Each structure stands twice: as structure tokens, then as C-alpha cells.
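Here the structure comes first, spelled out in C-alpha cells, and everything after it is commentary.
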Amino acid sequence: MLAAMRLGITIPFRPDLVADAARRIAVAGFDSVWLPDAHNRGFLLPDGFGALAIAATAAGRLEIGTAVTQVPLRPPLELAQRVATLHVASGGRFCLGVGAGSTEADYVGMGLPFAERFRAFDNCMTSLDRLLCGEPLEGLQLGSWTDTGLRPPIVVGGRPDGVWFRRAASGDRRFDGWMGSMRSATADELCAGLQRWRDVAGSRRALVSTIPAGRPDLGEVLAQLAEAGFDDAILFADRHDDDELTRLRNLLP
């Protein structure tokens, strides 16, 4: 059962290091690479869609994904265009992780009200989903490339048994899976949540992100998540040299 869980890792937070790191990550045997979404916090992240496009080009077999994109921070039409571009350019290897966000500085930086983020997320997700599915929306229309779909798999971030967890589990068409985070829940809480997820959502995808790669008990945590039945675990890493990548990958048999 342990080998069934896929292992992903964040890419470096500098765009000039992404391509080389992605190649090393692929060689080490990881399954996917991911990037969070943060703004106005005193450190600089590369544009997530641009950096993941670099990674997808450098390492052609890896899945790429956001963990997570703060949907209300961007106009729905602009976000839909960027999502569709990366989905098609990567040959369908893109997974869009979405969320409302939890840090006020991100909203201050974008000139948006933090207190209204959950309502904005709900509304923006409806617009994003409809645009990616080719449905016109209040005068907006994304358009299409006639030979391919534009909508990637979308997983929603949230606490176990929180509102977005419950909506995704109950079949909300906007979400294809759930992404828990070790930033906001323990491994025990996530595993308990996964059992509730499976009871309602069946085999739909369940991931855990933001697992610190430097945890001294990382091997035990990964084994616990795999035994519980998570589909993916995503490590939050600040080193991408060959020795460290090999060490991390070997923690999951």
C-alpha cells in the first residue's frame, strides 16, 4: 500500500533554478512538482504559472500543480486563460489546486477585502469553472482551441470536514478532489478526515500538501499518510540537490 501513494515536492522559489531542479526531481523519482501562491509577505515567489511552465518543459513526465492558487486574487477571465494555457501546453499534466487564502497580506497587496474572501472564492470559482467549460458568462467568453478541452483537474484546499471539504466530497462539480495541508492540520486529523472523505467521495483524489521536508519524523508521517490511503503527498522543501532529493524520495518505498 505504501508504494501506491505518489510523492511530490515544491520547486525552488527562484525562476532561474526551476528548470535544473525539475530535471533533478524527475531523475530522483518524484511524481510531481508544485508551487504555492503568496504575495506581499516580504519574500518573492516566481509567477506560479510561468514557473510551472518552465518545470513542465524541463521534465516532461512530471505532473505540475499549484498548492494552492488563491482564486479571488485574479479576475476570473484572466485566471481562466492562464489555467487553460498551462493545461494545454503541459499536455494535460496540470492540476489546479485552489483556495480562498488565509493570509491578509496577500489581499492587502492586491487591494482586495480579506474579510470577504470566502464569498469571493465561491463566486470566482463558479465563474472560473464555467469559463473553462466553455460556457459564456455575463458577457465574458474564454474561447477555445477546438481540438482540446481547457479545464484541468481542480482540487480544493481546506481543513478536514471544513465547508470546502464537505462541498467537494458531496459532488460540487467545481472540484475534482480535496487537498489537505499540514500547515493547518496534523497527520492524525488529516487521516481522520480522509476516512470521512472516502465514505462520501469514494475514490476521488485526496492529497496532502505543505509537509515540511525537514521534519525529523518525515518517514513516519509519509508512512501514516500512505497507509491511510492518500493519493499524493507533497513535500515543502528548500533544498534540491541530488543527495537531498534521493534521501527524501527513499523515505517512501
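The values are calculated or read from the model by the stated rules, or taken from the named source; none is laboratory data. All values derive from a computational prediction rather than experimental measurement. FYI the Cβ positions are ideal-geometry reconstructions off the backbone, even for glycines, and counts take in every protein chain you see.
For P12, the conditions (1) more than 30 Å from G139 (Cα to Cα); (2) free of Cβ contacts under 8 Å to residues at least 60 places away in the same chain all hold with the exception of (2).
The set of residues from the range 66-86 being farther than 19 Å from M179 by Cα and either modelled with pLDDT under 95 or of a type outside the set (G, A, S) (or both) comprises L73, R74, P75, P76, L77, E78, L79, Q81, R82, T85, L86. With the structure loaded, tell me whether A58 is surrounded by fewer than 20 Cβ atoms within 10 Å (Cβ to Cβ), of a type outside the set (D, E), under 28 Å from A28 (Cα atoms) and more than 18 Å from the chain's Cα centre (by Cα) or whether it fails that test. Yes.
Yes or no, residue by residue, for (1) crowded, with 19+ Cβ neighbours inside 10 Å; (2) modelled with pLDDT of 95 or more; (3) touching a Phe, Trp or Tyr at 6+ places or on another chain (Cβ under 9 Å); (4) under 30 Å from D188 (Cβ atoms):
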| site | (1), (2), (3), (4) |
| --- | --- |
| E135 | no, no, no, no |
| L142 | yes, yes, no, no |
| P152 | yes, yes, yes, no |
| A168 | yes, yes, yes, yes |
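For the range 18-52, how many residues are in a loop (DSSP other than H, G, I, E, B) and of a type in the set (A, V, I, L, M)?
So in the range 18-52, the residues in a loop (DSSP other than H, G, I, E, B) come out as 29-31, 36-47.
Subset that is of a type in the set (A, V, I, L, M): 38, 44-45.
Counting residues in the range 18-52 that are in a loop (DSSP other than H, G, I, E, B) and of a type in the set (A, V, I, L, M) gives 3.
Out of the residues in the range 84-128 that are outside any helix (DSSP H, G or I) and of a type in the set (A, V, I, L, M), which is nearest to V68 (Cα to Cα)? Spell out the reasoning first.
Here is the first cut: in the range 84-128, the residues outside any helix (DSSP H, G or I) are 90-103, 111-113.
Filter once more, so that each one left must be of a type in the set (A, V, I, L, M): 96, 98, 100, 112.
Numbers: L96: 7, V98: 5, A100: 9, L112: 18 Å.
Looking at the filtered set, the residue picked out is V98.
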